[in-house]
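The values are calculated or read from the model by the stated rules, or taken from the named source; none is laboratory data. Values in this document were obtained by computation on a predicted structure and should not be read as measured data. Note that each Cβ is placed from the backbone with ideal geometry, even for glycine, and that neighbours are counted across all protein chains shown. Areas reflect the complete protein model, heavy atoms only, side chains present, ligands, DNA and RNA absent. Shrake-Rupley method; radii C 1.70, N 1.55, O 1.52, S 1.80 Å.
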Amino acid sequence: MALFFNKKKKNVKSSNSILTEKQRQKILVKANSLIRGISDSRENLSFPEYDLSEIKRASESDSYIKIALMKYSYMLFKAGYKLKSENEAAKKYIQQRFYIMSFATDKPIDILFQEIGDDLIRYSNAFLVKTRVDTVMPGINAKGFFSDKPIGGYFRIDPDTVVISRDKYGNINKYIQVVDGEEKKFAKEDVIHFYLDKDANNAFGTPRIIAAIEDVKLLRRIEGNIMAMIYRFSMPLYQMIIGLPQQGFQATNNEIDEAKNTVENMSLDGFLVTNEKTNIKVLGAEGNALDAKDYLDYFEKRVFTALDVSESQMGRGGAKQDADSMESQTHDTVKHIQKIFSIFVENYI
């Protein structure tokens, strides 16, 4: 994975340019096309279009979803990453700032990047909040952009806690984090929103596993029904018929009660000795129970398709050519996510 920084800078360390709010407003180009569901009010809040908390629960509790997401996350930075720039001084300066941020925030920048990637793969959204400081470190003459204070560090926040305030054209006013009923507001310049597959009308990217959740729920319901069937038919049910249908040989109530008491009081390894008037049957599935194997195979494959993983990747074997084809498709997906990741890092970090 490569993070490209190709903009040439004559003297990065001593840049004295601070963009004032008035200057920024002059050069900004805002959207003027309408979006759905937004009025003229400035306090229009856009919540995630999909239930991110459900995705979080599913990724933590369901083994299929968890393993599928882990495979993509592990591949994202499997080969590491590189910073590239035509300006060697700019590259060294950025590396130096990353080292300082790692020290100041007590979190290596590589771990922060991996966490952003994890959120992108899980939610198709990731958020970083900038923390500005008076001085970065002695010897580093860093100046703010959009502010008179430079950035001291970036901190990841849970996408499920973020609400976006937008105007009727979709332009972002601010970001709001809501946790346990408490709100924290951030200027839009102090938040970086990474996203994948964002619909034109939406404020958030569309999570890739949202289509798989219903399939997983259906598969788990089928598995639950099979568990109930196993429980029902794993222990045999005994039927004891007292008496014969011929006239004069029917059982009396006393005989039935006596047989019932005998069965209830006998030991588990005991046996019964009866006369010709008593018939004992063992009831069970008797070969008529539903064979659910084909149903399970179908819905499991459907889940794998929705999660974009192969049977071999999930430990189910499969043909080698199919496994190789799916592996190649997975690499293409990861490369796309890496490309989007690089674009956001280059333009906003």
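If the condition is being assigned to a helix (DSSP H, G or I) and under 35 Å from the mean Cα position of the chain (by Cα), then the range 79-91 contributes only K91.
Taken together, the residues in the range 133-155 that are open to solvent by less than 80 Å² (accessible area, probe 1.4 Å) and touching a Pro at 6+ places or on another chain (Cβ under 8 Å) amount to 4.
Can you confirm whether Y169 is assigned to a loop (DSSP other than H, G, I, E, B), modelled with pLDDT under 95, over 30 Å from S102 (Cβ atoms) and among the aromatic types (F, W, Y)?
Numbers: assigned to a loop (DSSP other than H, G, I, E, B): yes; modelled with pLDDT under 95: yes; over 30 Å from S102 (Cβ atoms): yes; among the aromatic types (F, W, Y): yes.
For Y169, the condition - assigned to a loop (DSSP other than H, G, I, E, B), modelled with pLDDT under 95, over 30 Å from S102 (Cβ atoms) and among the aromatic types (F, W, Y) - is met.
Out of curiosity, is I213 of a type in the set (V, I, T), at pLDDT 85 or above and within 20 Å of I349 (Cα to Cα)? Spelling it out, it is not the case that I213 is of a type in the set (V, I, T), at pLDDT 85 or above and within 20 Å of I349 (Cα to Cα). For the residues E300, E264, E327, the requirement of being exposed (fewer than 10 other Cβ atoms within 10 Å of the Cβ), out of contact with any strand residue (DSSP E or B) (no Cβ under 8 Å at 6 or more places or on another chain), modelled with pLDDT of 70 or more and not in a loop (DSSP other than H, G, I, E, B) singles out E264.
Is it true that P245 is farther than 30 Å from F145 by Cβ, surrounded by 13 or more Cβ atoms within 10 Å (Cβ to Cβ) and either without any contact (Cβ under 8 Å) to a residue 12 or more places away in the chain or not aliphatic (A, V, I, L, M) (or both)? Break it down into steps so the answer makes sense when it comes.
Values: farther than 30 Å from F145 by Cβ: yes; surrounded by 13 or more Cβ atoms within 10 Å (Cβ to Cβ): no; either without any contact (Cβ under 8 Å) to a residue 12 or more places away in the chain or not aliphatic (A, V, I, L, M) (or both): yes.
Spelling it out, it is not the case that P245 is farther than 30 Å from F145 by Cβ, surrounded by 13 or more Cβ atoms within 10 Å (Cβ to Cβ) and either without any contact (Cβ under 8 Å) to a residue 12 or more places away in the chain or not aliphatic (A, V, I, L, M) (or both).
Evaluate the following for F155: is it in contact (Cβ under 8 Å) with a residue 24 or more places away in the chain and closer than 21 Å to E189 by Cα?
Yes.
For every residue, the table says whether it meets (1) within 26 Å of H331 (Cα to Cα); (2) open to solvent by 30 Å² or more (accessible area, probe 1.4 Å).
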residue: P48; (1), (2): no, yes
residue: I55; (1), (2): yes, no
residue: A58; (1), (2): yes, no
residue: K78; (1), (2): yes, yes
residue: L83; (1), (2): yes, no
residue: I94; (1), (2): no, yes
residue: D106; (1), (2): no, yes
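A single member of I176, I164, I121 is in contact with a Ser or Thr (Cβ under 9 Å, 6 or more places away or on another chain) and either part of a helix (DSSP H, G or I) or basic (K, R) (or both), and it is I121.
Let's see how each residue does on (1) open to solvent by 30 Å² or more (accessible area, probe 1.4 Å); (2) at pLDDT below 90; (3) of a type in the set (D, E):
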site	(1), (2), (3)
K130	yes, no, no
K174	yes, no, no
Q177	yes, no, no
E183	yes, no, yes
A200	yes, yes, no
